[in-house]
Structure formats: C-alpha cells, structure tokens
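K.L.:
I am attaching a structure below and will ask some questions about it afterwards.
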Amino acid sequence: VSRLRTQPGVSADVECRAVSDYSSGGAPAPAVFLGMTQYSSLDAFRSAGQALGTSSEAASFFSTFQPLTFTALRPLDDGTPVDIRTIASGSGQVLEVAVRDLSR
C-alpha cells in the first residue's frame, strides 16, 4: 500500500472495517475490510496496476486476504469532484457498500 501511494496520479488510499454483516447483526468473522484508492484518471489507475501488478510487494499483499470483489468506480456525473477521504469521515457516519450481481 505504501508503494501504491507513491504512484503518479494516486491521491488517497482509505481502509474501512465492516461493522455489521446484516445476517447476524454483528461484526463479520473473520473481519472484512474495504479498501479504496483514488486515482486522478483511468490512465493513472492502469499505470499503477502495470507498475505494481507483478511486483513482489503486490504478491505479498494479495496473499494476506481473499478478495470478495474488485471494481473501479467513477462519479455519476463526469467532472464532479470526489475526495474519498471525506466519505463517511465524520463522527457517527457509516459508509454502506452493497455489491450485487445484477446478471441474474
């Protein structure tokens, strides 16, 4: 993650821990984390992936967990400024993320 943060076009990297899995009403076991990285452009996203994708650091990092999903998002309205550091950053705020398979 520290090497990712030094890549051109990477402006922020945030990690959140899940507080509820909604099936039990409690924290998931084992723990579930959400990582978000903000890039200045799609080209910056691609370049960082190419620079780090086959590195020993990436291999070591990805061996520590089992990803449930991976996706790249953009603002609904092009040109709308977004700073991921401000999402659910206030006291008592919660970020809800739902990954759905809409192919069925």
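K.L.:
For Cα pairs less than 8 Å apart in space and 6+ apart in sequence, what is the mean separation divided by the residue count of the chain, i.e. the relative contact order in percent? Let's see the in-between values first.
P.N.:
On the way: 78 pairs, mean separation 25.9, N = 104.
Reported relative contact order: 25 percent.
K.L.:
Of (i) 15, 44, 27, 11, 2; (ii) 11, 39, 37, 13, 0; (iii) 12, 36, 17, 14, 13, 8, 1, which one was derived for P(r) over Cα pairs in 10 Å bins from 0, in percent from the structure shown?
P.N.:
Identified label for the calculated read-out: (ii).
K.L.:
With all protein chains present, how much of the accessible area of the chain (probe radius 1.4 Å) comes from carbon and sulfur, to the nearest whole percent?
P.N.:
On the chain, the fraction of accessible area on carbon and sulfur atoms equals 54 percent.
K.L.:
Pick out, from A44, A59, P81, the residue whose Cα sits farthest towards the positive end of the charge dipole of the chain, with +1 on the Cβ of Lys and Arg and -1 on the Cβ of Asp and Glu.
P.N.:
A59
K.L.:
Once you sort the root eigenvalues of the Cα gyration tensor of segment 24-85 as a ≥ b ≥ c, which label holds: rounded (a/c under 1.5), prolate (a/b larger than b/c) or oblate (the other case)?
P.N.:
Working: a/c = 3.00, a/b = 1.19, b/c = 2.53.
The shape class here is oblate.
K.L.:
OK, next. Magnitude of the Cβ-charge dipole of the chain, K/R +1 and D/E -1, about the Cα centre, nearest 20 debye? Kindly include the intermediate steps, with their values, before the conclusion.
P.N.:
Working: 8 positive and 10 negative charges, 32 e Å.
It works out to roughly 160 debye.
K.L.:
As a check on your grasp of the helix formula, calculate [θ] at 222 nm for the chain: sum -39500 (n - 2.57) over DSSP H runs of n ≥ 4, divide by the residue count, round to the nearest 500.
P.N.:
Helices in the chain give a 222 nm mean residue ellipticity of -5500 deg cm²/dmol.
K.L.:
Averaged per residue, what accessible area in Å² does the chain show with a 1.4 Å probe, protein chains only?
P.N.:
82 Å²
K.L.:
Quote the relative contact order of segment 16-64 in percent (integer), defining contacts as alpha-carbon pairs under 8 Å separated by 6+ residues.
P.N.:
Normalised by residue count, the contact order of segment 16-64 is 23 percent.
The values are calculated or read from the model by the stated rules, or taken from the named source; none is laboratory data. The structure displayed is predicted, hence computed values, not measured ones. For neighbour counting, all protein chains shown are included, and Cβ atoms are generated from backbone atoms with ideal geometry for every residue, glycine included. We work out accessible area using only protein heavy atoms, side chains counted, and drop any ligands, DNA or RNA first. Shrake-Rupley method; radii C 1.70, N 1.55, O 1.52, S 1.80 Å.
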